[in-house]
1. Exactly one of these conditions fails for Ser208: (1) open to solvent by less than 30 Å² (accessible area, probe 1.4 Å); (2) among the small types (Gly, Ala, Ser); (3) outside any loop (DSSP other than H, G, I, E, B). Give me its number.
2. Can you tell me how many residues within segment 22-51 are closer than 15 Å to Ser181 by Cα, in a loop (DSSP other than H, G, I, E, B) and of a type in the set (D, E, K, R)?
3. For segment 1-31, name all the residues that are of a type outside the set (A, V, I, L, M, F, W, C) and touching a Pro at 6+ places or on another chain (Cβ under 9 Å).
4. Can you work out which of the residues in segment 101-136 that are surrounded by fewer than 19 Cβ atoms within 10 Å (Cβ to Cβ) and of a type in the set (S, T, N, Q) is nearest to the chain's Cα centre (by Cα)?
5. Somewhere in segment 142-163, is a residue aromatic (Phe, Trp, Tyr), more than 18 Å from Ala184 (Cα to Cα) and either part of a helix (DSSP H, G or I) or open to solvent by less than 30 Å² (accessible area, probe 1.4 Å) (or both)?
6. For the structure I just gave you, tell me whether Arg81 is under 16 Å from Ala186 (Cβ atoms) and open to solvent by 10 Å² or more (accessible area, probe 1.4 Å).
7. Given the structure, is Ile75 modelled with pLDDT of 95 or more and not in a helix (DSSP H, G or I)?
8. Can you tell which of Leu236, Leu183 is aliphatic (A, V, I, L, M), closer than 17 Å to Val50 by Cβ and open to solvent by less than 10 Å² (accessible area, probe 1.4 Å)?
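The values are calculated or read from the model by the stated rules, or taken from the named source; none is laboratory data. What you see is a predicted model; the values in this text were computed from it and never measured. Here Cβ is always computed from backbone atoms with ideal geometry, including for glycine, and neighbour counts include all displayed protein chains. The protein model used for the area step is the full one, side chains on, heavy atoms only, and it has no ligands, DNA or RNA in it. Shrake-Rupley method; radii C 1.70, N 1.55, O 1.52, S 1.80 Å.
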Amino acid sequence: SPIEAVLTWCNCPSLNEVARSLDLPVIHNELGPLRTPLYRDTVYFDFEGVNGNTSASRWNDTAWLREQMRGAVLIECDALRGMLVKDVARVERLPEHHERFAVGVALQVQDDSNCIAFNRGWDELHLIYDAISRHPVDQVLVRPHPHARFVYRGGLGTVDASEDSLAFLACLDRLVAINSSLLAEAALWGIPFTAKGDTPATCLAEGSAGGTAAADDRTLLLNAFFLAYLVPGEALFDPDY
C-alpha cells in the first residue's frame, strides 16, 4: 500500500524535507503535558514539529484560529478541566489555606531536547537568578524535575516539596519555566506564566494572544489547545480518530 503519512517522535529536518518532496504529511508526536494519574493521558499531534518549531506556538491570530475551529462547540473552562482531570478526589483534597509564593520556577531534565535545542539561550540557573532578581528570595519556589540528572537542593529560593505538580501550582501567583509541560498545566488552571523557551504553550503565556485575551478568546484558545491540538492517549493510533 502507498505510504499516507510519516509518524515521528522527534524533529528531523532531513525527514521533513524528503517527506515534503514526496508530498507526504509528517505527524510529530510526543507525550502530552497532561498525564496519569492526575489527568487523562494526552499526546501532542503536530504536522510541523514537536517540543519546538510547533504550529501551536504561532497561534497569535485568534480570528484565524476561530475560523479553524468553526463549527466546534466551545466548552467553558471549568467544564474543560472536568473533562481532563482524572483524579477528581485529588483536586478536591487540595488545601484551601497554604503558603503562597509570588513565583514558581519549574526545572527540567538538563539534557532533554527542550533544554538544549529549544531553550532560546536559557538554562535553569539563569532561570532561578532571573526569578530572584524580580522577587524576594523567600517568595520564589523552585520545583526540581523528578528525573533530573542534577538535582537542585536549594540555596536560591525555597525548594518545593509538594506532593505533585498540582499542589505546587496551587501555591503560586505565577509560574516561569523554559518549556516545561507544567506551563500547559498552569494554563489549564488559569495561573499566569512566562515561557522562556520555545514551547507549544507559548500561545497561552503572558504577553501572547492567550495571555492577554478576552474571556471568549481565551476559551477558544484553551479548547483549541487541549481538545483539538492534543490527542487523547488512547486514540493516538486509532485511524478513525
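1. Every listed condition holds for Ser208 apart from (3).
2. 3
3. Within segment 1-31, just Glu4 meets the criteria.
4. The qualifying residue nearest to the chain's Cα centre (by Cα) is Ser113.
5. No.
6. Values: under 16 Å from Ala186 (Cβ atoms): yes; open to solvent by 10 Å² or more (accessible area, probe 1.4 Å): yes.
For Arg81, the condition - under 16 Å from Ala186 (Cβ atoms) and open to solvent by 10 Å² or more (accessible area, probe 1.4 Å) - is met.
7. Yes.
8. Numbers: Leu236 fails: open to solvent by less than 10 Å² (accessible area, probe 1.4 Å).
Of the residues listed, the single one that is aliphatic (A, V, I, L, M), closer than 17 Å to Val50 by Cβ and open to solvent by less than 10 Å² (accessible area, probe 1.4 Å) is Leu183.
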